[in-house]
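Data block below; observations after.
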Amino acid sequence: MMGYSHTVSAAAGWLALNHLGVVSVADTPSLVVTTLACAGAGMLPDIDHKNGSIAHSIPPISGWISGIVAAISGGHRKGTHSILGVLVFWAVAIGAQKLTYEGIPWISIFLAAYTGGLALRVLGAPGGWLGAVGLGYFAWVTDSLAVLPLAIGVGATVHIMGDLLTTRGVNPLWPLTLKPAFASRLWRKSGYMALPILGDAGSRREKALCLLLCGYILFVSAEILGFAPPLTA
């Protein structure tokens, strides 16, 4: 999947989980902040790609981090695109919550601001990183930080699920590589697994799915603002 699709699908996934009651976000401001954080987290697994958007988000620091992560994770679509990778992203978010200075979880606030700001940039929203500063503030004054680790975990998980639907697929069990006795499009000789219903990344099918998800996000946004009837769970 392309970066924009990852961002949109993560946002739609978070809103759907909230609508279904799987996650519970206390109020509308918190829902906005955590949805953007989840959307930005939908880009995090691509930190292993030195040419990806996230690697160029805060140069040169993001580029250095990308190089380190790529070296540790084995390269693109390996460690960060696995179950272990999701657990690491989740653990980082939980750890950031617990690290405080004078009672303020600065790293968690930064994580909320960064992921939310990344989503704003990918979606082409005005304000750029200035909007991220505002998101960091609202993350602190609302209940957003309480569910931020879950939002980060969901975003990363949706990213991997999206790549699983493309031709190249992923190796979800990394660092283990299970190779099939008989290779197929679903389970390749390399050990990568795929359910390639979207075809190659950036395909028309991916764009069509992204369009549908954008429609869902717009409808939920209209519902929150009172411009549309509520969806029934």
Fill in the blank from the handout: Reported set for the range 89-106 where residues are in a helix (DSSP H, G or I) and either open to solvent by 70 Å² or more (accessible area, probe 1.4 Å) or not aromatic (Phe, Trp, Tyr) (or both) is TRP90, ALA91, VAL92, ALA93, ILE94, GLY95, ALA96, GLN97, LYS98, TRP106
Practice task
Answer yes if at least one residue in the range 211-219 is touching a Ser or Thr at 6+ places or on another chain (Cβ under 9 Å), open to solvent by less than 30 Å² (accessible area, probe 1.4 Å) and either within 25 Å of THR34 (Cα to Cα) or of a type in the set (Gly, Ala, Ser) (or both), and no otherwise.
Solution key: no
Fill in the blank from the handout: When every residue in the range 51-88 that is in contact with a helix residue (DSSP H, G or I) (Cβ under 6 Å, 6 or more places away or on another chain), free of Cβ contacts under 8 Å to residues at least 40 places away in the same chain and not polar (S, T, N, Q) is compared, the one least open to solvent (accessible area, probe 1.4 Å) is ALA55
Problem - the range 1-39: number of residues that are part of a helix (DSSP H, G or I) and farther than 14 Å from LEU111 by Cα - result: 23
Handout entry: Test: residue in the range 40-50 that is outside any loop (DSSP other than H, G, I, E, B), basic (Lys, Arg), out of contact with any strand residue (DSSP E or B) (no Cβ under 6 Å at 6 or more places or on another chain) and open to solvent by 70 Å² or more (accessible area, probe 1.4 Å)
Key = no
Fill in the blank from the handout: With the first residue restricted to the range 1-30 and required to be free of Cβ contacts under 8 Å to residues at least 60 places away in the same chain, and the second required to be open to solvent by 10 Å² or more (accessible area, probe 1.4 Å), Cβ contacts under 6 Å at 6 or more apart or on different chains are ASN18/VAL25
Exercise for the section: Test THR177 against the stated conditions and say whether it is among the β-branched types (Val, Ile, Thr), without any contact (Cβ under 8 Å) to a residue 40 or more places away in the chain and within 30 Å of LYS189 (Cα to Cα). Expected result: yes
Handout entry: Unmet criterion (only one of (1) touching a strand residue (DSSP E or B) at 6+ places or on another chain (Cβ under 6 Å); (2) touching a residue at least 12 places away in the same chain (Cβ under 8 Å); (3) on the phi < 0 side of the Ramachandran plot) for GLY169
Key = (3)
Handout entry: The lone exception for ALA201 - which of (1) open to solvent by 40 Å² or more (accessible area, probe 1.4 Å); (2) of a type outside the set (Ser, Thr, Tyr); (3) out of contact with any strand residue (DSSP E or B) (no Cβ under 9 Å at 6 or more places or on another chain); (4) touching a residue at least 40 places away in the same chain (Cβ under 8 Å) it fails
Key = (3)
Practice task
Of all residues in the range 1-39, count the ones that are among the polar types (S, T, N, Q), open to solvent by 30 Å² or more (accessible area, probe 1.4 Å) and in contact with a Phe, Trp or Tyr (Cβ under 9 Å, 6 or more places away or on another chain).
Solution key: 0
Practice task
Would you be able to say whether some residue in the range 175-195 is on the phi > 0 side of the Ramachandran plot and open to solvent by less than 20 Å² (accessible area, probe 1.4 Å)?
Solution key: yes
Handout entry: Every residue from the range 108-140 that is over 17 Å from the mean Cα position of the chain (by Cα), surrounded by fewer than 17 Cβ atoms within 10 Å (Cβ to Cβ) and in a helix (DSSP H, G or I)
Key = TRP129, LEU130, VAL133, GLY134, TYR137
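The values are calculated or read from the model by the stated rules, or taken from the named source; none is laboratory data. In this text, all values refer to a predicted model and were calculated from it rather than measured experimentally. Counting neighbours? That spans all protein chains shown, and the Cβs are built from the backbone with ideal geometry, glycine included. Note: accessible area is taken over every heavy atom of the protein model, side chains too, but ligands, DNA and RNA are not part of it. Shrake-Rupley method; radii C 1.70, N 1.55, O 1.52, S 1.80 Å.
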